[in-house]
Each structure stands twice: as C-alpha cells, then as structure tokens.
Amino acid sequence: MRTYEPEVVPESSAGTAKCLVLRQPDDWHVHLRDGAMLAAVINETARQFARAIVMPNLDPPVTTVVAAEGYRARILEALAPSIAFTPLMTVYLTDAIEPGEIERGFASGVFTAAKLYPAHATTNAAYGVTDARLVYPALELMQRVGMPLLLHGEVTDQNVDVFDREAVFIDRVLTRILLDFPALKFVFEHITTEEAVAFVEAAGPNVGATITPHHLMINRNAMFEGGIRPHLYCLPVAKRERHRLALRRAATSVNPKFFLGTDSAPHSVGDKESACGCAGIFNAPVAIQSYATVFEEEGALDRLQAFAAEHGPRFYGLPLNAGSIVLEQKPWRVPSSFAATDARIVPFLAGATLAWTYKGRIDDAERERSD
Ligand code: NCD
Ligand code: ZN
C-alpha cells in the first residue's frame, strides 16, 4: 500500500538521482484562456495538477452558468485524451451580477467559487466591480451557502503607488468585507506582501491565500535587471525582498491557510514585449519544479506536499487526490518558448536550469521505468 508521506527515494540502486514522490497537487488559481491559447497551455497545467480553479477573465468574462459550462466543455475538449484533469469553474462578479445566477451555478456544481476583480485592476478586468458594496447581495448569498469568494486584492486608485495597492486594499476593502461577512469563505489570491501574510494569519479559518511560484522566487529588482524584463511583469507586481521572504515563510509554515495557486497567465510574446506589455507570467510548465526548488532552498521539502496538495482541498472541502507525481533531482533546462497556433509564449524562467525535473504522474513514471 502507498503511503502519502512525501518521500525522497533513490531512483534505483544503480542511479544516484533522487526522486520526490508527492500526492498529486492542484492549482487553486490559473488562467487557461480560450481558443488557440487554451490549446497551447492546457496540457502544461493538466500534466502536473489533478484539478485547477479556472479564472473567468475571458473577454467577455464568464458571468453565467451557460458560459461556464461552455468554457468547461472547451477546456475538456482541448485536453490530451490520456490526461485526467478536472477544471473547477468560477464566475466573474460584475456590478450587475444576479445572486440567483450564482446560486444556481453553485447548487448545480458548475461554479466552485466566484471571483472579484476590482474594475480595471488587471487583464480583462474592465467588467470588474466598481464598489464592493454593489455585490453585497451576492456575498450574502455566498456566505449563506458556503461558496468561496476569490479576491484580486489590489485597489485601482491611480493615486496609490502600484507597490502599495495590495496593502491599501487590505485597509480599505478587505477589512470591511470581513467585518460585514464574518463567515464568508474567501481566498486572498496571489498574495505578495508581508501585510497580506499577517492579515491572513490573523483572520479566522474561513480566510485562505494562494502563493505563486514567481512571488516566491523573484523580487521587484528582477523586472529591471540589466534592462526591462516584460516576462517578469505580473499583477500584483512583485514587491521588495522582505515581502518575498515573508511569503516563503508563510508557504513553508504548514499553516493550512496558505496553498498553491500558480496564477499562470499566458500572453503571446508580442503582447508581452510591447510598448504597453500585458501583465501575467506563464509558469504552468515550471510550476511544481519551481515550488520544489523554493521549498528545498528553505529546507522544507517535507512540507511541500501539505502546501501543494492538502491545504487547498481542505479549504474547499474537497477530497485529497488519490494519485501522486514524481520529481527527479536532475537538472532540467526550461524551454525558451512554447508554441501556440499563431504565437509563441515565453515561460517563467525561460532558458534557466532548475534542479528538479518533472517526471509525471506515478503511473506514467512507473511505465517509463519499466520500458
Ligand atoms: C492575469 C491575466 O493575465 O489574466 N495577469 C496577471 O498578471 N496575473 C490577471 C490577474 O490575475 O491579475
Ligand atoms: Zn490571476
């Protein structure tokens, strides 16, 4: 019988490479896009993760049950036939959203959660919420039925410095929402600051947070190293080193409030390398390898499984995955780009060499070994 204690085991008696076997993780925040881009990126996520919370910021955004069902069908259609993967759909909150639509979608299992983007905060957020009070009827419903709210936690006030927008969001918006909906389950997404870590730690068990690989690996200097680095630009933008260190402490702390969410957000090279480049980092191909690198650097490889595969499902009230994945401690060079039909996409850490190679799901890896 398999145990799911994370284990570092020698690959074979003859070899020296170590393997890390983990319960299969989930990605609690990903952008899969649509059309040719969806086809280009979906299998990168599905190879590593059993389930993923799929962001609804298409253009137009996913605001109805019918739209989410259609999008889910296109995701499943784009999947390689051999890969088992469950997309967990979300609904995009707008000023005009009908609580009845949310309730129907949640009750029928189409919507797992609802996403709140402050209007104009980020990519395709033009339809976002202009004032949180406008969605209070929706939040009331969600609190009542136990449906999680996912928050892009940045104010959009142009007078607030871009590096302060998360901390100001906590003071101006989040604190208020928590007071008005004390039992609402919510996820403070892709947190980037020590203020966000402290806020989540101090809140009740109904509050969780996702942490991306890039915010654990880079600070804001990385965007300007030797010139402007558009592929390291995302929102919320990376912050100072002390914030990165606070995120590393939180991710490796075994506090069940913190869990894996890549915020993998692909854009074509042309849209990134532009006079007004899009925000978003495509990290799906390097996701679990990056987290493993970070946890190893922190001397916390034994805690990776809790962060990657246990805290998220427990927060969402979903079963833990039964399968597992294998990483091998062998250098792996990240491809410099990936192909979409009419574009190329540059991944996070393009061209760099990571210490961990992703081998696949346990059955795949076993098959390879017996070949
Ligand atoms: C995301 C995108 O491109 O959709 N971009 C990003 O920088 N993370 C939107 C978002 O999650 O903010
Ligand atoms: Zn995102």
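The values are calculated or read from the model by the stated rules, or taken from the named source; none is laboratory data. Computed from a predicted structure; not experimentally measured. Using ideal geometry, Cβ is built from the backbone for each residue, glycine included, and neighbour counts are taken over all protein chains shown.
Taken over the stretch 23-56, residues that are surrounded by fewer than 24 Cβ atoms within 10 Å (Cβ to Cβ), touching a residue at least 60 places away in the same chain (Cβ under 8 Å) and of a type outside the set (K, R) amount to 7. Before we move on, is Y233 within 27 Å of T86 (Cβ to Cβ), in contact (Cβ under 8 Å) with a residue 12 or more places away in the chain and not acidic (D, E)? Here the answer is no, as Y233 does not meet what is asked.
Of all residues in the stretch 109-130, those that are free of Cβ contacts under 8 Å to residues at least 24 places away in the same chain have Cβ atoms under 7 Å from Cβ atoms of residues that are within 12 Å of ligand 1 (Cβ to nearest atom) and in a loop (DSSP other than H, G, I, E, B), 6 or more apart or on another chain, in A126/H120. Scanning the stretch 276-288 for residues that are surrounded by fewer than 23 Cβ atoms within 10 Å (Cβ to Cβ) and in contact with a Ser or Thr (Cβ under 7 Å, 6 or more places away or on another chain) yields C278, A279, G280. Output the residues belonging to the stretch 153-162 that are without any contact (Cβ under 8 Å) to a residue 60 or more places away in the chain and crowded, with 18+ Cβ neighbours inside 10 Å. Within the stretch 153-162, just V155 meets the criteria. Close Cβ contacts (under 8 Å, 6 or more residues apart or on different chains) running from residues in the stretch 271-286 that are under 19 Å from A40 (Cα atoms) and within 16 Å of ligand 2 (Cβ to nearest atom) to residues that are at pLDDT below 95 and among the β-branched types (V, I, T) comprise C278/T123; A279/T122; A279/T123; G280/T123. Residues satisfying the criterion are present in the stretch 87-95 (criterion: under 18 Å from V54 (Cβ atoms), surrounded by fewer than 21 Cβ atoms within 10 Å (Cβ to Cβ) and of a type in the set (A, V, I, L, M, F, W, C)). So, V66, is that one within 16 Å of ligand 1 (Cβ to nearest atom) and at pLDDT 95 or above or not? So V66 fails the test.
Looking only at the stretch 135-164, which residues are within 16 Å of ligand 1 (Cβ to nearest atom) and out of contact with any Lys or Arg (no Cβ under 9 Å at 6 or more places or on another chain)? Hit for the stretch 135-164 is V162, nothing else. Answer with yes or no whether A36 is within 14 Å of the chain's Cα centre (by Cα), over 16 Å from K359 (Cα atoms) and of a type in the set (G, A, S). Judged against the criteria, A36 is not a match. In the set (1) within 15 Å of ligand 2 (Cβ to nearest atom); (2) of a type in the set (K, R); (3) surrounded by fewer than 20 Cβ atoms within 10 Å (Cβ to Cβ), R165 fails one condition alone, (3). Can you tell me which residue within the stretch 222-276, out of those that are closer than 18 Å to T193 by Cα and of a type in the set (S, T, Y), is nearest to ligand 1 (Cβ to nearest atom)? So the residue we want is Y233. Note on the stretch 215-230: residues that are more than 16 Å from ligand 2 (Cβ to nearest atom) and touching a residue at least 40 places away in the same chain (Cβ under 8 Å) total 3. Taking first residues from the stretch 251-266 that are under 30 Å from A339 (Cα atoms) and partners that are among the aromatic types (F, W, Y) and within 16 Å of ligand 1 (Cβ to nearest atom), the Cβ contacts under 7 Å between residues at least 6 apart in sequence or on separate chains come to F259/W28; L260/W28; G261/W28; S264/F282; A265/F282; P266/F282.
Those strands (runs of 3 or more DSSP E) of the stretch 17-129 in which 2 or more residues are away from ligand 2 (no atom under 15 Å from the Cβ) and over 25 Å from R144 (Cα atoms) occupy 18-23. The lone criterion from (1) within 30 Å of V207 (Cα to Cα); (2) surrounded by fewer than 22 Cβ atoms within 10 Å (Cβ to Cβ) left unmet by P335 is number (1). Residues of the stretch 50-68 that are under 27 Å from P319 (Cβ atoms) and within 21 Å of the chain's Cα centre (by Cα): A50, R51, A52, I53, V54, M55, P56, V62, A68. Among the candidates V346, V334, V269, the residue that is within 22 Å of Q24 (Cα to Cα) and more than 16 Å from the chain's Cα centre (by Cα) is uniquely V334.
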